[in-house]
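So the structure is just underneath, and the comments pick up after that.
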Amino acid sequence: VPWTPTQLIAMNTLSPEMLAYFWILLEHKSNILICGGTASGKTTLLNALAFFIPPEARVVSLEETREINLPRENWLPSVARTSIGIGKIGEVDLFEILKSSFRQNPDYLIVGEVRGKEAFVLFQGMASGHSSISTMHAESVDTLIRRLETPPISLSPTLINSLDCVAIATHAVAKGHDTRKVKEVVEI
């Protein structure tokens with residue numbers, strides 16, 4: 001069962017104002033990238049933000065490891081598959097799933113985590129008007145931009161401009177307790 005937006009507010013993961021801002025972004029089909037380090041709560045935040053996607057909207061999600069959990073009916077989840085046997089027989093990678101997902105005419109596209117060449121297809125989708133939400137390992141917006149512009153991703157700055165908002169999540173210790181916090185929300 002995914003954490004709800006109100007539960008994340010109660011745990012001080014983010015403020016009500018941040019959450020309201022994300023709600024407005026999603027209502028207007030903006031493109032959001034949630035960044036942070038390992039175990040910073042990126043996927044938890046992604047699942048919670050998905051509550052704000054209108055119920056009638058068609059959502060397609062793609063991931064390598066099944067972590068996205070959306071309590072909705074109009075959702076097509078996809079998971080990459082490694083090869084069986086010798087060679088790449090039967091392999092379906094995230095890049096191929098992402099390319100074919102645009103044929104399913106999603107209102108919202110959710111990619112579990114962007115690491116490599118699939119970023120190019122994701123950002124092409126953003127540029128062509130497909131509202132997209134994804135996560136990526138980066139500790140700051142500067143680090144994110146460097147990762148997107150250098151190999152193996154190598155996106156052009158024009159495509160990066162398709163991104164509307166970046167949320168930076170962090171795993172911190174506050175008053176002796178492990179916490180996850182959204183420390184920054186940046187418009188691009």
Checking the condition at pLDDT below 85 and either among the small types (Gly, Ala, Ser) or closer than 23 Å to residue 144 by Cβ (or both), which residue from 121, 92, 111 passes? 121
Working carefully through the options 68, 34, find the one that is within 21 Å of residue 118 (Cβ to Cβ) and assigned to a strand (DSSP E or B). 34
So, first residue over 22 Å from residue 52 (Cβ atoms) in region 127-156, second residue acidic (Asp, Glu) and in a loop (DSSP other than H, G, I, E, B), Cβ within less than 9 Å, six or more apart or across chains; the pairs are 137/113
Any residue in region 33-48 that is free of Cβ contacts under 8 Å to residues at least 24 places away in the same chain and either surrounded by 15 or more Cβ atoms within 10 Å (Cβ to Cβ) or on the phi < 0 side of the Ramachandran plot (or both)? no
Residues of region 88-107 being of a type in the set (A, V, I, L, M) and touching a residue at least 12 places away in the same chain (Cβ under 8 Å), which ones? 92, 94, 97, 98
If you take just the strands (runs of 3 or more DSSP E) that sit entirely in region 100-188, which of them hold at least 2 residues that are within 21 Å of residue 64 (Cα to Cα), open to solvent by less than 20 Å² (accessible area, probe 1.4 Å) and of a type in the set (Val, Ile, Thr)? 108-111, 131-137
Single match in 51, 22 (criterion: open to solvent by less than 10 Å² (accessible area, probe 1.4 Å) and not acidic (Asp, Glu)): 22
Working only within region 1-16, note down all residues that are under 12 Å from residue 182 (Cα atoms) and not in a loop (DSSP other than H, G, I, E, B). 8, 9, 16
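Let's see how each residue does on (1) farther than 23 Å from residue 126 by Cβ; (2) polar (S, T, N, Q); (3) touching a helix residue (DSSP H, G or I) at 6+ places or on another chain (Cβ under 9 Å):
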position	(1), (2), (3)
30	no, yes, yes
33	no, no, yes
39	yes, no, no
58	no, no, yes
64	no, no, yes
73	yes, no, no
78	no, yes, yes
85	yes, no, no
State all residues of region 54-75 that are touching a Lys or Arg at 6+ places or on another chain (Cβ under 9 Å) and open to solvent by less than 60 Å² (accessible area, probe 1.4 Å); if no residue qualifies, say none. 57, 59, 74, 75
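The values are calculated or read from the model by the stated rules, or taken from the named source; none is laboratory data. Because the structure is predicted, anything quoted here is derived from the model rather than measured. Backbone-built Cβ (ideal geometry, glycine too); neighbour counts: all protein chains shown. The area values use the complete protein model at the heavy-atom level, side chains included, leaving out ligands, DNA and RNA. Shrake-Rupley method; radii C 1.70, N 1.55, O 1.52, S 1.80 Å.
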